[in-house]
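Presented below is the structure to which this report refers.
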Amino acid sequence: MSASQEIRAHLGRRTVVAAGATGLAAVLTACGGGSKDSGGSGTVEPAGEGDGANGGTVLARTADIPEGGGVVLADQGVVVTQPTAGEFKAFSSKCTHQGCAVKGIADGVITCPCHNSTFDAATGEATGGPATMPLPEKQIRVEGGSITLA
């Protein structure tokens, strides 16, 4: 085999390996995706753009967040909870175990449907494994009945 044929053969193998890695990344990304379904605790569509106090997109209305529960806003990657009346918290909706989107929020507990990890809706702390790390907190603003990212 000539040197130019060896180079072409080698480049061909690299292309196949790169294409395979790209396909694997797409499959893994699909596994970690989420939905707007919050497992019976309510689904909230974004409330609108530009009507937040800071000019940002309103994530939800306070009236849409049940006390002791919450909603998962999959498109924004955020779960918003109301642990006690008038107290609102927000966390990443990505489970710290393997990146699945959390789904259900009820009785002060956020649940991941993939492996049943649980998190405290007031603090984001992991309360049941296999996840051991808390959900990262997101800073929010609550003004005039609207919740926006800070």
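Residue count for the range 116-139 satisfying the condition of being surrounded by 18 or more Cβ atoms within 10 Å (Cβ to Cβ) and in contact with a Phe, Trp or Tyr (Cβ under 9 Å, 6 or more places away or on another chain): 7.
Could you check how many residues of the range 67-76 are touching a residue at least 40 places away in the same chain (Cβ under 8 Å) and within 18 Å of Thr96 (Cα to Cα)? Lay out the reasoning, then the answer.
Quick first cut of the range 67-76, residues touching a residue at least 40 places away in the same chain (Cβ under 8 Å) only: 68-70, 74, 76.
Still in the running and within 18 Å of Thr96 (Cα to Cα): 74, 76.
Residues in the range 67-76 being touching a residue at least 40 places away in the same chain (Cβ under 8 Å) and within 18 Å of Thr96 (Cα to Cα): 2 in total.
Among residues of the range 130-150 that are more than 16 Å from Lys94 (Cα to Cα) and touching a residue at least 12 places away in the same chain (Cβ under 8 Å), those with a Cβ under 7 angstrom from a residue that is of a type in the set (D, E, K, R) and open to solvent by 40 Å² or more (accessible area, probe 1.4 Å), sequence gap 6+ or separate chain, pair up as Gly145/Arg61; Ser146/Asp51; Ser146/Arg61; Thr148/Arg141; Leu149/Lys138; Ala150/Arg141.
Listed here are the residues, each with its yes/no results for (1) open to solvent by 10 Å² or more (accessible area, probe 1.4 Å); (2) in contact (Cβ under 8 Å) with a residue 40 or more places away in the chain; (3) assigned to a loop (DSSP other than H, G, I, E, B).
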position: Gln82; (1), (2), (3): yes, no, no
position: Phe91; (1), (2), (3): no, yes, no
position: His97; (1), (2), (3): yes, no, yes
position: Cys114; (1), (2), (3): yes, no, yes
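The values are calculated or read from the model by the stated rules, or taken from the named source; none is laboratory data. Everything numeric in this text was worked out from a predicted model, so none of it was measured. Glycine gets a Cβ as well: all are built from the backbone with ideal geometry, and neighbour counts include every protein chain shown. Quick note on the areas: whole protein, heavy atoms, side chains included, nothing else; ligands and nucleic acids left out. Shrake-Rupley method; radii C 1.70, N 1.55, O 1.52, S 1.80 Å.
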